[in-house]
1. If you bin every alpha carbon distance in region 209-297 into 10 Å steps from zero, what whole percent lands in each bin?
2. I'd like to know which of Thr265, Val389, Ala61 lies farthest towards the positive end of the charge dipole of the chain, counting +1 on Cβ of Lys and Arg and -1 on Cβ of Asp and Glu.
3. Can you give the relative contact order of region 1-142 as a percent, counting alpha carbon pairs under 8 Å and 6+ residues apart?
4. Give me the distance in nm between label points sitting 7 Å out from Cα along the Cα-to-Cβ direction at Ala92 and Arg27, one decimal.
5. Can you compute the radius of gyration and Dmax for region 249-452, using only the Cα atoms, both in Å?
6. Could you tell me which residue out of Leu81, Ala8, His244 lies farthest along the dipole of the chain toward its positive end? Charges go on the beta carbon: Lys and Arg +1, Asp and Glu -1, centred on the Cα centre.
7. Let me check I have the definition right: for region 30-201, take the eigenvalues of the Cα gyration tensor, multiply each by 5, take square roots. What are those semi-axes in whole Å, largest first?
8. How far apart, in nm, are two points set 7 Å out from the Cα along the Cα-to-Cβ line at Glu165 and at Asn377?
Amino acid sequence: MMLRGAAAAPDPWDHAAAVLRGLRTPRFPARSFDIRKFGAVGDGATLNSAAIARAVAACVAAGGGRVLVPPGRFLTGAVHLASDVELHLDRAATLLFSTNPADYPLVFTRWEGIELINYSPLVYAYKARNVAVTGQGTLDGQASASAWWSWKGPWRGTVDHGWREGMPDQRPARARLFDLAERNVPPEKRVFGDGAYLRPAFVQPYLCENVLIEGVRLRGAPFWQLHPVLCRNVIVRNVDIMGHGPNNDGCDPESVGGMVIENCTFDTGDDCIAINSGRNADGRRVARPSEDIVIRNCRMREGHGGITVGSQISGGVRRIFAEHCILDSPNLDYAIRFKNNALRGGLLEHFYYRDISVGHVAKAAIACDFNYEEGANGRFVPRLRDIVVERLHARHANRVLDSQGLPGAPVTGITLRDCRFDGVRAPSIVRNTEGLVLDNVSVNGATVRTLV
């Protein structure tokens, strides 16, 4: 019974609705710039980087519009977009990206949560307003065991990524990049590229406002696939993403504010969705959280985690909503996953999930992991609190929950409400976790009041 005069607790989903109402789809002038008119040839062999750049430049000079990729297979290097430009792919169009690193000039970017100068992402926009990639065509990065993937070095994945002992890989440059960031060397002096073997992201709008990515298919990614960084007002809709190479995350919003990911399909070699905000000292320097992100009506197949937060989250993550998603694959490790540690130390709070259907997950339906990578080896306190999961039904989950905070840094405030977990074979792991509430939760058909 509510006492007279007492106010009802606000419904967090009202905030999700407000986020959605506040998003604005970018609009573009009704002008079209067919890349063939600027010299592009769709034979799959002619390099069209310059022709596409001319089409983009003409679109910008005219005041904006649509750069059209018509039917055909158009080989290209990096495609750089600009304000008021929509890159639109016809249903029968493929942008076939070169596997020659020389076709990707050095730009300001983020790599594993750290700012640097490195190879341009395959599709890139910097400080643009109103920018889009749309259509029903295909972006094909052509990455494989013979191109890009071997740069990862040692990796245990489901496909051969081409690396063999004695081949060059990213490890020395990755360690040097991390060291430069920890020593606060300015990002513009962290110059990589040739000889560093740091793979470029696939699609990366950076410091952009009003971004739309809709309808396209992504295949053959060198690295992370959709990677908006420091953007505001982002819409990712009806995108089909498949890539089973190393670190082929599906969508990694990083330090993004105001975003929806809806009606998308993910089939990936790493996390399907991974929400980030910068790694370690660099994330704390930039200090921009990811916040106000709504995920709905998506399907996750293969991947490490389905809906994941971390581990590059030193800038913090807050107010994440997910609903009406289907996650199902024997090669999907976790449905809902949080990754943090004492070297990151970000504040993660206010996560709301409802009406989630889980078929098979190989490890646990829900995981909160502060032992990820460096684990307790750091001086920053990882924090994760206020997680509410409602009406999740898992048909085959090895475990319900694997929640492991650290001594002195517990995971706090997990509520499972009206949830059902079937096919559970192993007990949950609950360590350094406080405030776990079970409200009408069943495991293998029996109502439970505890998971330990």
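1. 19, 49, 29, 3
2. Checking the options against the dipole of the chain, the answer is Ala61.
3. Relative contact order, region 1-142: 22 percent.
4. In this crude spin-label approximation the distance works out to 3.3 nm.
5. So, for region 249-452, Rg and Dmax equal 15.5, 48 Å respectively.
6. Ala8
7. Equivalent ellipsoid of region 30-201: 31, 21, 12 Å, largest first.
8. Between Glu165 and Asn377, the simple spin-label model gives 2.3 nm.
Bear in mind these aren't lab numbers, they're just calculated from the coordinates by the rules spelled out. Values in this document were obtained by computation on a predicted structure and should not be read as measured data. When we count neighbours, we look across all protein chains shown, and the Cβ atoms used for this are built from the backbone with ideal geometry, even at glycine.
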